[in-house]
1. Scan 205, 188, 175 and give me the residue that is at pLDDT below 90, in contact with a Gly (Cβ under 9 Å, 6 or more places away or on another chain) and open to solvent by 60 Å² or more (accessible area, probe 1.4 Å).
2. Taking segment 118-169 on its own, how many of its residues are without any contact (Cβ under 8 Å) to a residue 24 or more places away in the chain and of a type in the set (A, V, I, L, M)?
3. Being free of Cβ contacts under 8 Å to residues at least 12 places away in the same chain, on the phi < 0 side of the Ramachandran plot and open to solvent by less than 40 Å² (accessible area, probe 1.4 Å) is the filter here, so list the residues in segment 62-71 that pass it.
4. Hey, can you tell me all the residues within segment 13-61 that are among the hydroxyl-bearing types (Ser, Thr, Tyr) and either open to solvent by 40 Å² or more (accessible area, probe 1.4 Å) or out of contact with any helix residue (DSSP H, G or I) (no Cβ under 8 Å at 6 or more places or on another chain) (or both)?
5. For segment 72-82, does any single residue satisfy the condition of being under 19 Å from the mean Cα position of the chain (by Cα), open to solvent by less than 70 Å² (accessible area, probe 1.4 Å) and on the phi < 0 side of the Ramachandran plot?
Amino acid sequence: MVSTHEIELYASAAVVFASGRPLLTALSGTRREERSPVQILSAIWGRKPWVTAVAMVTMLVLIGLQYTVPGLSDHLTRQPGALQDGQWWRMFTALLIQSSGLVQIVVNVAALAVAGPVAEWVLGPVRWLLVFFGSGVVANVVSEEGWSRHGGGCSVAICGLVGALAAACLLRADRIGPEPVENRRRIRQLGLAIPAAGVFLCAIRNNHGAGLLTGCALGLVIAAAWPGSLRLDSATARRDRNPGSEVLAVR
């Protein structure tokens, strides 16, 4: 029987996915008429997101180990009183252990496979790591304070990546696509839905909201401090592969 905690996890994932999916699709580097799941995955992984690939391999290896090495999860996930006992490493390692079973594994692997490459393309590998672990650690610290004191999973960090993309697009929407006026309006509408979802999740003391809003804050800092580092024109990758082609990022 599905527990209340699991229902809350899946509901929060649905909230973030619903608000973030259009934005991720817009930044995938695909034409509007070429946005089947296979085409989107082909486009974003064609950019060779090596940091995302390493994170996914690490996560999959640990998933295998947590089911074969007795007690491994208990040593790496969040535990009540862990920070008070000086076990700070759990705030990091809990991001790589999926503690809620098969559905969580499938959802998180799928989400990372989509959000990870898009965020790595836009933010760059170093800032991807900053946002992923920064958002995840903040969410885990908040969880230790009573929101969700036991468990683990990378979904809070993935929420951070989506939040950073939303914030970057809110500040730099004029750089997306060849029709800046139309694209700016559309992207900002998509971007505003994501922090709104974060506020809602925080209001119900869901740790995904903490990850989402932390990602938004980091995204704002990155967009303000290093605007030239953002690769927001998703058409760039397609035009690099197909010189002369015209791609509209968002319609």
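1. Working: 188 fails: in contact with a Gly (Cβ under 9 Å, 6 or more places away or on another chain); 175 fails: in contact with a Gly (Cβ under 9 Å, 6 or more places away or on another chain).
Answer to the selection: 205.
2. 1
3. Kept after step one, since they are free of Cβ contacts under 8 Å to residues at least 12 places away in the same chain, are these residues of segment 62-71: 64-65, 67-71.
With on the phi < 0 side of the Ramachandran plot added as a condition, the list becomes 64-65, 67-70.
Listed by number, the list holds a single entry, 64.
4. First pass over segment 13-61, keeping only residues among the hydroxyl-bearing types (Ser, Thr, Tyr): 19, 25, 28, 30, 36, 42, 52, 58.
Those that are among the hydroxyl-bearing types (Ser, Thr, Tyr) and either open to solvent by 40 Å² or more (accessible area, probe 1.4 Å) or out of contact with any helix residue (DSSP H, G or I) (no Cβ under 8 Å at 6 or more places or on another chain) (or both): 36, 42, 58.
5. Residues of segment 72-82 under 19 Å from the mean Cα position of the chain (by Cα): none.
No: zero hits.
To keep it simple, each residue is scored yes or no on (1) under 14 Å from residue 215 (Cα atoms); (2) open to solvent by 20 Å² or more (accessible area, probe 1.4 Å).
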| residue | (1), (2) |
| --- | --- |
| 94 | no, no |
| 102 | no, yes |
| 109 | no, yes |
| 114 | no, yes |
| 125 | no, yes |
| 128 | yes, no |
| 136 | yes, no |
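The values are calculated or read from the model by the stated rules, or taken from the named source; none is laboratory data. This is a predicted model, so every value here is computed, not measured. Positions of Cβ are backbone-derived with ideal geometry, glycine not excepted, and every protein chain shown enters the neighbour counts. Protein only, heavy atoms only, side chains kept; ligands, DNA and RNA dropped before computing areas. Shrake-Rupley method; radii C 1.70, N 1.55, O 1.52, S 1.80 Å.
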